There are 2 protein chains.
Amino acid sequence: MKQQEVFKAMADPTRRAILKRLQGGSLTAGEIGAAFDITPASLSHHFAVLKRADLVRTERRGQYIVYSLNSTVFEDLARMVLDLFPSKGNTGGKK
Amino acid sequence: MKQQEVFKAMADPTRRAILKRLQGGSLTAGEIGAAFDITPASLSHHFAVLKRADLVRTERRGQYIVYSLNSTVFEDLARMVLDLFPSKGNTGGKK
DNA sequence: TAGATATTTAGACAAATATCTAAATATTGC
DNA sequence: GCAATATTTAGATATTTGTCTAAATATCTA
């Protein structure tokens, strides 16, 4: 898992909003973009960042490209955060 | 809590390494810096970002400034990640 | 096959950011 | 008070990044 890619992807508010929109289920690029005031090209750039971080998956459906969340990586991300957070049973020694 | 500041702070590998070092307990700026090949000025910049995100706390001890983790914000961050992640009981409807 | 729609790619540009050097500020101990 | 040490601030610079316009690619439908 590319820790750096994931954190960088999460650092942009537009991208976090995209992820938020995908919580309700898969959406096409156009459906996602309808909620934002940026060009399709900019949107596409954000999708590329999210894909590189493996936070979203894509599937072509005819003319459209459908985006969906990759839940696995969210679990990994949560684990990484908790790994940074020292608590009982986590002395920071692992990995 | 400044979601944007927190995610931006986490997006830099040097800052994540700083947090990692602080898992073992409080350290002075100099002790932290010893592990990195960058100038004290650059270090200080990273500390400022981490402080703005409220991920670390500081306390002057004589000549030194002691940094420590602010665990509370890590919990908030974990919550934010999980909030992005759709699971049973989390339909994305809350806040 | 031609035209329309959906999305991405290429290239340019401005804003943000990580780094540096030099200088400033704070504190200690003589 | 002064020199030494620790840290931050100021200002400069190179890289990264988010955005745009224009053009390319993919697919559908008539």
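The values are calculated or read from the model by the stated rules, or taken from the named source; none is laboratory data. Since this is a predicted model, take the numbers as computed values, not measurements. Ideal geometry is used to build each Cβ from the backbone, glycine not excepted, and the neighbour counts take in all protein chains shown. Only protein heavy atoms, including side chains, enter the accessible area calculation; ligands, DNA and RNA are left aside. Shrake-Rupley method; radii C 1.70, N 1.55, O 1.52, S 1.80 Å.
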*Just checking, how many residues over segment B:29-64 are near DNA strand C (Cβ under 9 Å from one of its atoms) and of a type in the set (Val, Ile, Thr)?*
3
*Among all residue pairs at least 6 apart or on different chains, which show Cβ distances below 7 Å where the first residue, located in segment B:58-69, is free of Cβ contacts under 8 Å to residues at least 24 places away in the same chain and the second is surrounded by 13 or more Cβ atoms within 10 Å (Cβ to Cβ) and not hydrophobic (A, V, I, L, M, F, W, C)?*
B:THR58/B:LYS51; B:THR58/B:TYR67
_Residue identified as aliphatic (A, V, I, L, M) and open to solvent by 20 Å² or more (accessible area, probe 1.4 Å) among A:LEU77, A:LEU50, A:LEU55, A:LEU69_ = A:LEU69
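Give me the residue from segment B:3-34 that is assigned to a loop (DSSP other than H, G, I, E, B) and surrounded by 13 or more Cβ atoms within 10 Å (Cβ to Cβ) and, out of that set, farthest from the other protein chains (Cβ to nearest Cβ).
The extreme case among them is B:SER26.
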*Taking the stated definitions as given, is A:ILE38 surrounded by fewer than 13 Cβ atoms within 10 Å (Cβ to Cβ), within 14 Å of DNA strand D (Cβ to nearest atom), in contact (Cβ under 8 Å) with a residue 12 or more places away in the chain and aliphatic (A, V, I, L, M)?*
yes
_Qualifying position, being away from DNA strand D (no atom under 11 Å from the Cβ) and either touching a Leu at 6+ places or on another chain (Cβ under 9 Å) or outside any helix (DSSP H, G or I) (or both), among A:ASP83, A:ASP54_ = A:ASP54
*Looking only at segment A:1-36, count how many residues are over 19 Å from B:GLN4 (Cα atoms) and not basic (Lys, Arg).*
15
